[in-house]
Amino acid sequence: MKPLLTSLFVALVALSPNANTLAQDIAEDARLPLEELRHFTQVFDQVRQAYVEEVDDKALLEMSIIGLLSSLDPHSVYLDKSSYAELQEHTSGEFGGLGIEVGMEGGFIKVISPIDDTPAKRAGIKAGDLIIKLNDQVVQGMSLNEAIDIMRGPKGSTLSLTVVREHVDGPLEIDVIRDLIKVNSVRGKLLEPGFSYVRIAQFQENTGREFRSTINDLLKQDNNLKGMVLDLRNNPGGLLHSSVDVADTLLDGGLVVYTEGRMPSSNNSFHATPGDALNGLPIVVLINEGSASAAEIVAGALQDHHRALLLGTDSFGKGSVQTVIPLGDGRGIKLTTARYFTPNKRSIQAEGIKPDIIVEPAEIKLLEPHKLVKEENLSGHLSNKTNSKEQAKNSVSLEDNQLYEALNLLKGFDILNKQIPKI
């Protein structure tokens, strides 16, 4: 080997968590193509000697790792010390930044979902937005990590995002004031007597426990619950075990999700335990293009088991599993190692979950009623002494038409259930 090739070979071996095993594998069956290694070292040497600015070997090797992982798929990334530490904060529910879940698409940053009650959400960033500029810096050509580094910053500082949005002519410039992001994973309330609403914003470490606690609180508030709306819109996902815990809470046993990969450790099945916290009460699940990963696992499992009716629009379609692999010294990699499949063997990847009833988000307003003459307007009409003139009104605003339709569906289920004779 040439000196540079030899030194690079040693460096590559040293980067392995098990250097002796890697060296033995290469020596025994030469699985690494030597010709491509020579090409790599030639490029490495040319950059090292001829690039306009001097870059030390350690930085060049780290750039090589970044390029290797980012070329695989949008979700495999290298985690330097700060990125690795932020990932730990993210799953705990508190971190600094804008409050958006992002990925790469066509060289630009795609917003998978803005997180509830964060600067990005308040500023009007929407799922599906393509970020093309960060302040005055063009995004195309950046790695995902580089873009994320720019989006981070001290609390109170402003970042100008230039975004392209579907069905909007021309780019939009949106200023977002950075803040410390504290994500409340689960929140719930009564929409009106008998009908509850639970929102899961993200799947964090304790989401399953918080979800069960929220349901118990709602059952105490109203011991005559007739149904629940579970809102998974703009939920970017999170931890796999938390999504399994949430599905387990609502399923009376059965398969929740299974994964398949190349490594034996990537092939797993996750099952619900007996017992349904809502004892079979009707559930309507809201999903949209911002519902990704763990949110799609829950939606897919409830749909396949016919435990809930899904309403909204097609979900994001992130059906891959990322494993965080520590490299030591506070660094690591996030590597795609498997695919998700729903209980009915549906792959989520690039397909997403399709709702049972498609309801696009829309602006709806009530029409002014016509002033027609009715019986009650006729002189001398007979009075009705048994019925009250008060009419029940839907407590949910038409501003959220999808939630409005979900509540109406639950009311329909309740009416039908009352009309079915009990034998």
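The values are calculated or read from the model by the stated rules, or taken from the named source; none is laboratory data. These numbers come from a predicted model, not from an experiment. Cβ coordinates were reconstructed from backbone atoms using ideal geometry, including for glycine residues, and neighbour counts include every protein chain displayed.
Within the group LEU416, LEU398, which residue is within 25 Å of LEU225 (Cα to Cα), assigned to a loop (DSSP other than H, G, I, E, B) and modelled with pLDDT of 80 or more? It would help to see each step written out before you state the result.
Details: LEU416 fails: assigned to a loop (DSSP other than H, G, I, E, B).
Of the residues listed, the single one that is within 25 Å of LEU225 (Cα to Cα), assigned to a loop (DSSP other than H, G, I, E, B) and modelled with pLDDT of 80 or more is LEU398.
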Filter result for ALA406 (surrounded by fewer than 10 Cβ atoms within 10 Å (Cβ to Cβ), small (Gly, Ala, Ser), at pLDDT 80 or above and within 27 Å of the chain's Cα centre (by Cα)) | no
Do you know which residues across the stretch 192-210 are over 23 Å from GLU405 (Cβ atoms) and either modelled with pLDDT of 95 or more or under 14 Å from the mean Cα position of the chain (by Cα) (or both)?
-> GLN202, PHE203, GLN204, THR207, GLY208, ARG209, GLU210
Go through the stretch 130-145 and give me each residue that's free of Cβ contacts under 8 Å to residues at least 40 places away in the same chain and over 13 Å from GLY97 (Cβ atoms).
-> LEU130, ILE131, ILE132, LYS133, ASN135, ASP136, GLN137, VAL138, VAL139, GLN140, GLY141, MET142
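Per-residue answers, yes or no, for (1) over 18 Å from ASN288 (Cα atoms); (2) not in a loop (DSSP other than H, G, I, E, B):
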position	(1), (2)
VAL198	no, yes
GLU210	yes, yes
THR214	yes, yes
ASP217	yes, yes
ASN224	yes, no
LEU230	no, yes
ARG233	no, no
Within the stretch 335-368, the count of residues that are farther than 13 Å from ALA301 by Cα and assigned to a strand (DSSP E or B) comes to 7
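Hey, can you tell me all the residues within the stretch 140-171 that are more than 22 Å from the chain's Cα centre (by Cα), part of a loop (DSSP other than H, G, I, E, B) and surrounded by 12 or more Cβ atoms within 10 Å (Cβ to Cβ)?
Here is the first cut: in the stretch 140-171, the residues more than 22 Å from the chain's Cα centre (by Cα) are 140-142, 153-160, 162, 167-171.
Filter again for part of a loop (DSSP other than H, G, I, E, B), leaving 140-142, 153-157, 167-171.
Passing the criteria: MET142, GLY153, LYS155, PRO171.
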Pairs with Cβ under 9 Å, 6+ apart, first in the stretch 359-373 and on the phi < 0 side of the Ramachandran plot, second at pLDDT 80 or above and of a type in the set (A, V, I, L, M, F, W, C) = VAL359/LEU286; VAL359/LEU311; VAL359/ALA406; GLU363/LEU398; ILE364/LEU398; LYS365/LEU398; LEU366/LEU398
How about the stretch 225-240: which of its residues are surrounded by fewer than 21 Cβ atoms within 10 Å (Cβ to Cβ) and modelled with pLDDT of 95 or more?
-> LEU225, LYS226
Looking at SER269, SER213, SER243, SER265, which is the one that is surrounded by fewer than 20 Cβ atoms within 10 Å (Cβ to Cβ) and under 23 Å from GLN88 (Cβ atoms)?
-> SER265
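Considering only the stretch 173-193, state which residues are within 22 Å of LEU232 (Cβ to Cβ) and not aliphatic (A, V, I, L, M).
Of the stretch 173-193, the ones within 22 Å of LEU232 (Cβ to Cβ) are 181-192.
Within the stretch 173-193, LYS182, ASN184, SER185, ARG187, GLY188, LYS189, GLU192 meet the criteria.
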